[in-house]
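Chemist: Encoded as structure tokens, here's the structure I'll be asking about.
The values are calculated or read from the model by the stated rules, or taken from the named source; none is laboratory data. Model, not experiment: these values are computed from the prediction. All Cβ positions, glycine included, derive from the backbone under ideal geometry; neighbour counts span all protein chains shown.
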Amino acid sequence: MDTATPATIPNRANIFSWHFMPWPYLDESFEENYESGWVTVPNSLFDTDKARGLYQEYLDELSYADELEFDGVVLNEHHQNIYGLMPSPNLLAAALTQTTKNGKIVVLGNLIPLQFRPLRVAEEYAMLDCMSDGRVVAGFAPGGGHEPYSYSYSMPLARERFWEGVDLIVQAWTEPGPTTFDGKHYTMRYVNPWPQPLQKPHPPIWIPGSNSPETMYEVANREFCYFLSTRGKLAGAKRSAVRFSEIVEEVGKEFHPHKMGLLFSVYVAETDEIARKECEEAVFYFTRYCLKGHQRNAGRRLTMAPGGLSPQSWQMYLENSVVGAKMLGDAENWNDIDEMGSIFVGSPDTVYEKLWEFVTEANIGNLLIQFHIGNLSYDLTQKSQRIFAEQVMPRLRADSENLFGERFPITIADNVPA
Amino acid sequence: MKKSTIQVGGKTIEIHQDGSGPPVLYIHGIWDIHTLQADPFPFHEQLAEQFSVTMPVHPGCGESSGMSDIVDIEDLAFHYFDLLDALDIGQATIVGFSMGGWIAAEMAVRNPERVGKLVLIDSAGLQIPGALIGDLFMYVLHRDGGVMQELRELLFKDPDSTIAHEIIPDGRVNIPDEVLRYKSVTLAARVGWEPPYLFNKKLLGRLHRITSPTLVLWGEHDRLIPIANGQAYVDNIPRASLQIVRDSGHSTIIEQPADCIDRITAFLETGILPASDAPALAPAG
């Protein structure tokens with residue numbers, strides 16, 4: 001394989017299978033006894049007998065997505081919580097390099113400020129890119145809210161270190177070493193990592209953001225992909241996508257839907273009724289337990305650690321939000337779930353229509369879909385992925401190819417990964 | 001209060017000045033004038049009735065610039081030396097509250113000759129086993145979509161009192177004050193979230209360098225910075241006295257302004273340190 005020339009990628013929506021790898025063995029007593037599923041939730045709840053085989057099951061679900069020809073699988077990094085048992089997503093990505101063959105392996109992302117030196121991230125992604133024959137998408141994140149508590153680091157300093165760390169990593173991948181790096185927070189005499197990533201100039205880079213203009217400008221300037229990490233309804237996603245595309249153009253670059261990603265949860269079955277019946281318990285497990293402390297008002301929500309935004313962005317947030325406004329985790333019944341517009345449950349037609357709106361109205365070009373929801377069983381996760389791959393994915397691909405061809409035509413020459 | 005700005009080491013610093021009499025530099029805390037609200041509390045007004053008070057706003061807080069220049073407590077200590085230079089003050093009498101007291105202590109161990117009499121009120125800065133500073137960064141966030149009870153518990157003797165609810169209501173205060181508060185907590189997070197929380201491991205071993213007579217005022221029921229921290233300051237500063245303010249939590253200057261002013265005035269006017277209150281008198285928590 002000639003790795004010097006990036007493979008062209010089809011000009012259509014990319015569809016990924018995302019796994020959060022939650023702890024799936026909580027019961028009703030959790031709600032009563034604990035104010036959060038994060039940071040302070042006692043790890044005595046981690047039952048080692050039940051844990052046996054859990055990672056294998058979750059990895060199998062992602063390997064199956066690759067067999068079904070999803071465009072890739074997605075992992076992310078969280079610490080000290082029941083929402084996602086992936087403190088080191090790179091370990092799982094390494095396993096997936098050996099069990100998947102085709103799709104991308106998206107790690108969204110490595111938390112830069114947790115590293116003593118961000119060079120470590122450059123090294124690990126380069127290893128993964130070599131091990132996967134150039135299939136890695138490198139995500140970087142500053143840590144959303146819980147991580148400064150989990151790792152006792154300063155949220156406002158992390159924001160500064162984050163972009164400096166990203167620049168160090170890109171330098172490590174693109175400038176022939178050894179070079180030096182001299183920043184405010186990181187100074188290195190020798191930047192010269194072995195191995196180097198196969199993808200040139202470097203693996204695609206994705207950055208999660210939650211609508212702050214600062215992040216959008218940084219991402220736009222560097223021509224990375226912006227992943228909107230706040231779940232939300234179509235209108236909100238559309239606003240963000242419009243704002244981001246305007247910023248991309250303002251800084252003199254060209255917008256394409258592949259520069260924008262969004263997370264959804266999907267459960268698809270033969271009919272709307274069957275789908276709801278099969279996944280309802282799991283959906284509420286996810287919203288009530290996994291989101292407690294994150295996207296839920298009840299309990300102690302740590303998602304917006306102080307200093308994570310500039311004062312200007314904080315003011316913007318205050319002006320555009322209401323204290324105690326309902327979030328996904330506050331859903332009390334199935335109507336609420338529908339209303340939130342982020343968890344799509346139903347027949348192939350129903351799910352197609354929901355997702356298609358985001359593609360056609362908000363120009364979202366990377367659909368990142370959580371199939372394993374809460375404590376959904378292995379069999380139902382596989383079934384939902386299979387029906388989706390057979391009956392929803394082909395339509396989304398064909399229709400988005402037509403749409404992007406009209407709105408965002410690209411020539412083969414510049415058709416390289418974002 | 002007369003409001004102006006001065007240039008300090010490339011930063012524009014908002015400064016409030018008022019009163020007459022001996023000069024006093026007041027270094028504000030995380031929840032204080034300039035940070036909870038722009039206006040002074042009765043404590044600050046009463047202090048200005050006794051002294052010529054200068055109350056600068058920390059870099060990055062209020063209308064001061066320069067937040068990104070500050071990455072640790074030493075940066076703030078040197079910023080305040082630069083400020084003394086800018087104001088042409090050779091030796092300052094300093095009153096510092098909470099994080100402001102920590103800054104004052106960091107100044108006094110570095111350049112003892114620049115600090116005259118020193119007043120530390122419920123001050124951060126030390127790491128005392130069994131009396132660790134509370135997790136203000138966690139409790140500054142709402143619980144159950146708007147409840148701020150735990151922050152009130154950290155800051156006030158009686159979290160259910162009218163004043164506690166007035167200053168830290170559930171939900172939000174007005175947006176300008178919310179932004180002031182966010183800036184203050186952001187600055188505190190820059191210098192005090194790693195290591196957690198709000199201490200410098202090296203400070204305790206340096207306190208012996210302080211030459212100032214030091215009045216250490218502490219809220220009897222301070223749950224953010226337990227009184228053992230005040231005791232440690234007094235045990236390690238050569239000339240210091242611990243004065244326990246009854247019926248008060250961390251927000252001593254807000255909960256017991258008159259008591260604070262009386263003690264500060266008596267000390268600053270005479271330079272005489274009263275005998276320390278026995279720490280055993282202070283109930284835990």
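Chemist: Given the conditions (1) under 30 Å from A:ARG296 (Cβ atoms); (2) touching a residue at least 40 places away in the same chain (Cβ under 8 Å); (3) surrounded by 21 or more Cβ atoms within 10 Å (Cβ to Cβ), report the number of the one that B:ASP177 does not fulfil.
Modeler: B:ASP177 satisfies all of (1) under 30 Å from A:ARG296 (Cβ atoms); (2) touching a residue at least 40 places away in the same chain (Cβ under 8 Å); (3) surrounded by 21 or more Cβ atoms within 10 Å (Cβ to Cβ) except (3).
Chemist: Could you list all residues from region B:100-116 that are buried (at least 23 other Cβ atoms within 10 Å of the Cβ) and assigned to a strand (DSSP E or B)?
Modeler: The answer is B:VAL115, and nothing else.
Chemist: Only one residue in A:ALA241, A:ALA269, A:ALA275 is under 22 Å from A:GLU401 (Cα atoms), buried (at least 20 other Cβ atoms within 10 Å of the Cβ) and small (Gly, Ala, Ser). Which one?
Modeler: None of the others qualify; the one that does is A:ALA241.
Chemist: Would it be correct to say that B:ILE27 is closer than 18 Å to B:SER98 by Cβ and away from chain A (no Cβ under 14 Å)?
Modeler: It is true that B:ILE27 is closer than 18 Å to B:SER98 by Cβ and away from chain A (no Cβ under 14 Å).
Chemist: Scanning region B:150-185 for residues that are of a type in the set (Gly, Ala, Ser) and within 14 Å of another protein chain (Cβ to nearest Cβ), which turns out nearest to B:ASP135 (Cα to Cα)?
Modeler: B:SER184
Chemist: Residue pairs, Cβ under 7 Å, 6 or more apart or interchain, first in region A:396-418 and at pLDDT 95 or above, second outside any helix (DSSP H, G or I) and of a type in the set (A, V, I, L, M). List them.
Modeler: A:LEU396/A:ALA13; A:LEU396/A:ILE15; A:ARG397/A:ALA13; A:SER400/A:ALA13
Chemist: From the list B:ILE89, B:ILE30, which one is of a type in the set (Val, Ile, Thr), assigned to a loop (DSSP other than H, G, I, E, B) and surrounded by fewer than 19 Cβ atoms within 10 Å (Cβ to Cβ)?
Modeler: Within the list B:ILE89, B:ILE30, the selection yields B:ILE89.
Chemist: Quick check on my filter: what residues within region B:195-237 are hydroxyl-bearing (Ser, Thr, Tyr), at pLDDT 95 or above and either within 26 Å of A:SER150 (Cα to Cα) or not in a loop (DSSP other than H, G, I, E, B) (or both)?
Modeler: Residues satisfying the conditions are B:THR214, B:TYR233.
Chemist: Does B:ARG114 satisfy the condition of being without any contact (Cβ under 8 Å) to a residue 40 or more places away in the chain, away from every other protein chain (no Cβ under 14 Å) and closer than 16 Å to B:GLY249 by Cβ?
Modeler: Taking the combined requirement at face value, the residue does not satisfy it.
Chemist: Six or more apart or on different chains, Cβ atoms under 7 Å: show the pairs whose first residue is in region B:186-199 and more than 7 Å from chain A (Cβ to nearest Cβ) and over 13 Å from A:GLU160 (Cβ atoms) and whose second is among the acidic types (Asp, Glu) and surrounded by fewer than 24 Cβ atoms within 10 Å (Cβ to Cβ).
Modeler: Every condition considered, the pairs that remain are B:VAL191/B:ASP72; B:TYR197/B:ASP135.
Chemist: Here's something else I'd like to know. Within region A:321-340, count every residue that is over 17 Å from A:SER229 (Cα atoms) and either more than 11 Å from chain B (Cβ to nearest Cβ) or over 24 Å from the mean Cα position of the chain (by Cα) (or both).
Modeler: 12
Chemist: Report whether or not B:ALA38 is at pLDDT below 95 and buried (at least 17 other Cβ atoms within 10 Å of the Cβ).
Modeler: Here the answer is yes, as B:ALA38 does meet what is asked.
Chemist: Return the residues of region A:203-261 that are within 22 Å of A:LEU328 (Cβ to Cβ) and assigned to a loop (DSSP other than H, G, I, E, B); say none if nothing qualifies.
Modeler: If the condition is that a residue be within 22 Å of A:LEU328 (Cβ to Cβ) and assigned to a loop (DSSP other than H, G, I, E, B), then A:SER210, A:ASN211, A:SER212, A:SER229, A:THR230, A:ARG231, A:GLY232, A:LYS233 are the ones that fit.
Chemist: Could we say that B:GLY90 is more than 14 Å from chain A (Cβ to nearest Cβ) and either without any contact (Cβ under 8 Å) to a residue 24 or more places away in the chain or within 13 Å of the chain's Cα centre (by Cα) (or both) here?
Modeler: no
Chemist: For region B:132-148, name all the residues that are touching a helix residue (DSSP H, G or I) at 6+ places or on another chain (Cβ under 7 Å), in a loop (DSSP other than H, G, I, E, B) and more than 7 Å from every other protein chain (Cβ to nearest Cβ).
Modeler: Within region B:132-148, B:GLY134 is the sole residue that qualifies.
Chemist: Among (1) in contact (Cβ under 8 Å) with a residue 60 or more places away in the chain; (2) touching a strand residue (DSSP E or B) at 6+ places or on another chain (Cβ under 7 Å); (3) crowded, with 22+ Cβ neighbours inside 10 Å, there is one condition A:PRO257 misses while meeting the rest; what is its number?
Modeler: Tallying (1) in contact (Cβ under 8 Å) with a residue 60 or more places away in the chain; (2) touching a strand residue (DSSP E or B) at 6+ places or on another chain (Cβ under 7 Å); (3) crowded, with 22+ Cβ neighbours inside 10 Å, A:PRO257 fails exactly one: (2).
Chemist: Inside region A:289-320, can you point out the residues that are at the interface with another protein chain (Cβ under 9 Å from one of its Cβ atoms) and of a type in the set (Phe, Trp, Tyr)?
Modeler: If the condition is that a residue be at the interface with another protein chain (Cβ under 9 Å from one of its Cβ atoms) and of a type in the set (Phe, Trp, Tyr), then A:TRP314 is the only one that fits.
Chemist: Starting from residues that are over 17 Å from A:SER29 (Cα atoms) and of a type in the set (Asp, Glu), keep the ones in region A:276-299 and report whichever is nearest to the chain's Cα centre (by Cα).
Modeler: The residue in question is A:GLU280.
Chemist: Kindly indicate the residue of region B:117-131 that is among the hydrophobic types (A, V, I, L, M, F, W, C), part of a loop (DSSP other than H, G, I, E, B) and surrounded by 19 or more Cβ atoms within 10 Å (Cβ to Cβ) and also farthest from the other protein chains (Cβ to nearest Cβ) among those meeting that condition.
Modeler: Taking the candidates together, the pick is B:LEU126.
Chemist: Still on this structure, I have one more. From the list A:ASP167, A:ASP129, exactly one residue is assigned to a helix (DSSP H, G or I), away from chain B (no Cβ under 14 Å) and either farther than 23 Å from A:LEU92 by Cα or at pLDDT below 95 (or both). Which is it?
Modeler: A:ASP167
Chemist: OK, next. Among the hydrophobic types (A, V, I, L, M, F, W, C), touching a residue at least 60 places away in the same chain (Cβ under 8 Å) and not in a helix (DSSP H, G or I): is that true of A:PHE140 in this structure?
Modeler: yes
Chemist: Condition first: hydroxyl-bearing (Ser, Thr, Tyr) and either more than 30 Å from A:LYS104 (Cα to Cα) or in contact with a helix residue (DSSP H, G or I) (Cβ under 6 Å, 6 or more places away or on another chain) (or both). Now tell me which residues in region A:32-77 satisfy that.
Modeler: Answer for region A:32-77, where residues must be hydroxyl-bearing (Ser, Thr, Tyr) and either more than 30 Å from A:LYS104 (Cα to Cα) or in contact with a helix residue (DSSP H, G or I) (Cβ under 6 Å, 6 or more places away or on another chain) (or both): A:TYR34, A:SER36, A:THR40, A:SER44, A:THR48, A:SER63, A:TYR64.
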